[in-house]
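In what follows, a single structure is set out as structure tokens and then discussed.
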Amino acid sequence: MNQNRRRPPRNTDRGGPRKGSYQGRGQQHGRNRQDDEKIQKTIRNAQNMLQDSIHAVCLEELNAYERMRVHQFFDNKADFETKTYRNGEEYLLWIFPVGNIREFAVEKAREAVANSEEFDFHPMSNYERFLVHDVLKDDESVETTSVGEGDERYVKIVPVRFGRKLRKMARKLKLF
């Protein structure tokens with residue numbers, strides 16, 4: 001930037017309202033205490049439903065401001081992920097208990113290996129299936145596959161008799 005064209009520093013001790021229609025981010029123009037109480041109640045209810053669950057929660061009939069506030073609250077938590085989907089003219093806010101899903105997947109993988117039995121999850125959304133595949137991708141003792149179609153698609157955990165690395169070497173050597 002050319003030094004001759006620099007703007008003068010803003011005079012912050014000017015009194016009065018700022019010109020223009022901009023309302024600062026921290027100002028809640030037109031929001032009242034009832035709105036905040038409704039948002040807090042919605043957040044508490046969602047937390048209670050997600051506390052020990054591996055199932056996502058869908059919040060409907062929230063306006064854009066309420067969705068943003070709920071999203072901001074859960075986005076700061078490492079064990080939760082929020083996603084907004086559009087359903088026609090309506091917006092749906094989904095809250096996924098990412099931490100619980102990951103713990104459950106690891107636990108079921110250990111059980112599958114210990115019992116040498118396959119485990120089938122309940123039907124899941126594509127994001128939930130992604131989480132399960134992602135958390136178990138480095139586990140050499142199990143393989144995960146998605147089975148089914150549409151809303152009935154789920155993840156299957158299969159214990160591996162020989163690790164993936166051993167199987168790759170066997171293919172190279174053409175043992176089996």
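The values are calculated or read from the model by the stated rules, or taken from the named source; none is laboratory data. No experiment lies behind these values; they were computed from the predicted model shown. As a convention, Cβ positions derive from the backbone with ideal geometry for all residues, glycine included, and neighbour counts pool all protein chains shown.
Using the structure shown, decide if A114 is in contact with a Ser or Thr (Cβ under 8 Å, 6 or more places away or on another chain), without any contact (Cβ under 8 Å) to a residue 60 or more places away in the chain and within 30 Å of P159 (Cα to Cα). Working first, answer last.
Values: in contact with a Ser or Thr (Cβ under 8 Å, 6 or more places away or on another chain): no; without any contact (Cβ under 8 Å) to a residue 60 or more places away in the chain: yes; within 30 Å of P159 (Cα to Cα): yes.
No: the conditions fail for A114.
Scanning the range 102-122 for residues that are under 25 Å from the mean Cα position of the chain (by Cα) and among the small types (G, A, S) yields A105, A109.
Taken over the range 62-112, the residue count meeting the criterion of being of a type in the set (A, V, I, L, M, F, W, C) and closer than 22 Å to K38 by Cβ is 11. The residue of the range 147-167 that is surrounded by the most Cβ atoms within 10 Å (Cβ to Cβ), among those that are in a helix (DSSP H, G or I) and at pLDDT 65 or above, is E152. A residue that is surrounded by 13 or more Cβ atoms within 10 Å (Cβ to Cβ) and either assigned to a loop (DSSP other than H, G, I, E, B) or at pLDDT below 90 (or both) can be found somewhere in the range 46-53.
Filtering the range 97-129 to residues that are assigned to a helix (DSSP H, G or I) and hydroxyl-bearing (S, T, Y) leaves only Y127. When Q34, Q23 are checked against the criterion of being at pLDDT below 90, assigned to a helix (DSSP H, G or I) and loosely packed, with under 13 Cβ neighbours inside 10 Å, a single residue qualifies: Q34.
The single condition from (1) out of contact with any helix residue (DSSP H, G or I) (no Cβ under 9 Å at 6 or more places or on another chain); (2) in a loop (DSSP other than H, G, I, E, B); (3) not assigned by TED's automatic domain parsing to the domain that holds T145 that R86 fails is (2). Pairs linking a residue in the range 60-86 that is of a type outside the set (K, R) to a residue that is surrounded by 12 or more Cβ atoms within 10 Å (Cβ to Cβ) and part of a loop (DSSP other than H, G, I, E, B), with Cβ atoms under 7 Å and 6 or more positions apart or on different chains, are V70/L62; F74/F80; D79/P97; F80/P97.
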